[in-house]
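All of the numbers you see were taken from the coordinates with simple rules; none came from a lab. From a predicted model like this one, the values you see are computed outputs, not experimental measurements. Using ideal geometry, Cβ is built from the backbone for each residue, glycine included, and neighbour counts are taken over all protein chains shown.
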Amino acid sequence: MPDAPAADPRFNEFIILQAQNAGLFLGQIPNPHTGEKQINLRAARSVIDSLEMLAIKTAGNLTETEQKLLNTALQNLRPLFANAVGS
């Protein structure tokens, strides 16, 4: 039986950072420089695409916690993106 994947706190930090970036691009988080909420669908789509690619490429190599964090980020971001596109 193969060894369980080792946890890497940098992975969690990376996923959280990317989710925050997507939230910024989707107008969910104010721009830290201007205080204004702005929408950049192209940038948001790029972040979500990157997280989806990461999920595919890391399948079977993440801890349960890492996998849950990545899945949760995507589950939260996809409808926000769909709503932003529909607005």
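The table for this structure:
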item: Cβ crowding within 10 Å averaged over residues, with 39-46, 52-59 ranked highest first; result: 39-46, 52-59
item: Folded to 0 to 90 degrees: helix 64-86 orientation relative to the chain principal axis, Cα; result: 20
item: Percentage relative contact order, the chain, counting C-alpha pairs under 8 Å, at least six apart; result: 35
item: For region 10-86, convex hull of alpha carbons as volume per residue, Å³; result: 80
